[in-house]
Amino acid sequence: MAQEAKLPGPTISTHILDTGRGMPAVGVHVTLYRLADDGKPIRLTQALTDDDGRVRDLLERPLTAGDYRIDFNLGRGAFFERMSVDVHITDVTRSYHVPLLMSPFSMATYRGS
């Protein structure tokens, strides 16, 4: 009997675009935290963006409902060196994509698809 291919479960991902340079932001350090009931961040994973500016799976474990923080460490010397985004997840049957658009003097994020 052939084994069925296991489909990946829901995850949290990101894509960082440097709109000032018109290119993906390669090598950005991204950390995912789970926020405890008292608000204390508990680090789950950390990764660097790939050549396309993506981290395809920040979670690396089953998705559970609750509050998470995505921390983007953009590096020393830029006007914006770090940005954190807190997200509240209730539906664990779907994936969550949190893109970041950055330029020398502005940043924006949104709930992607």
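The values are calculated or read from the model by the stated rules, or taken from the named source; none is laboratory data. In this text, all values refer to a predicted model and were calculated from it rather than measured experimentally. FYI the Cβ positions are ideal-geometry reconstructions off the backbone, even for glycines, and counts take in every protein chain you see. Accessible surface areas use protein heavy atoms only, side chains included; no ligands, DNA or RNA. Shrake-Rupley method; radii C 1.70, N 1.55, O 1.52, S 1.80 Å.
General remarks:
- Among the residues listed as Gly39, Gly27, Gly77, the single one being at positive phi, open to solvent by 70 Å² or more (accessible area, probe 1.4 Å) and of a type outside the set (Ser, Thr, Tyr): Gly77
- Residues satisfying the stated conditions in the stretch 20-63, i.e. acidic (Asp, Glu) and closer than 19 Å to Asp91 by Cα: Asp37, Asp57, Glu60
- Qualifying positions in the stretch 4-24 - among the hydroxyl-bearing types (Ser, Thr, Tyr) and open to solvent by 70 Å² or more (accessible area, probe 1.4 Å): Thr19
- Counted residues, the stretch 80-92 - those being open to solvent by 50 Å² or more (accessible area, probe 1.4 Å) and either in contact with a Lys or Arg (Cβ under 9 Å, 6 or more places away or on another chain) or not β-branched (Val, Ile, Thr) (or both): 7
- Residue in the stretch 40-61 that is at pLDDT below 95 and in contact with a Gly (Cβ under 7 Å, 6 or more places away or on another chain) present: no
- Test: residue in the stretch 30-39 that is of a type in the set (S, T, N, Q) and out of contact with any Gly (no Cβ under 7 Å at 6 or more places or on another chain): yes
- Residues that are farther than 14 Å from Gly66 by Cα and open to solvent by less than 70 Å² (accessible area, probe 1.4 Å), drawn from the stretch 96-113: His97, Val98, Pro99, Leu100, Leu101, Met102, Ser103, Ser106, Met107, Ala108, Thr109, Gly112
- Restricting attention to the stretch 48-66, the residues being under 27 Å from Ser103 (Cα atoms) and open to solvent by 30 Å² or more (accessible area, probe 1.4 Å) number 7.
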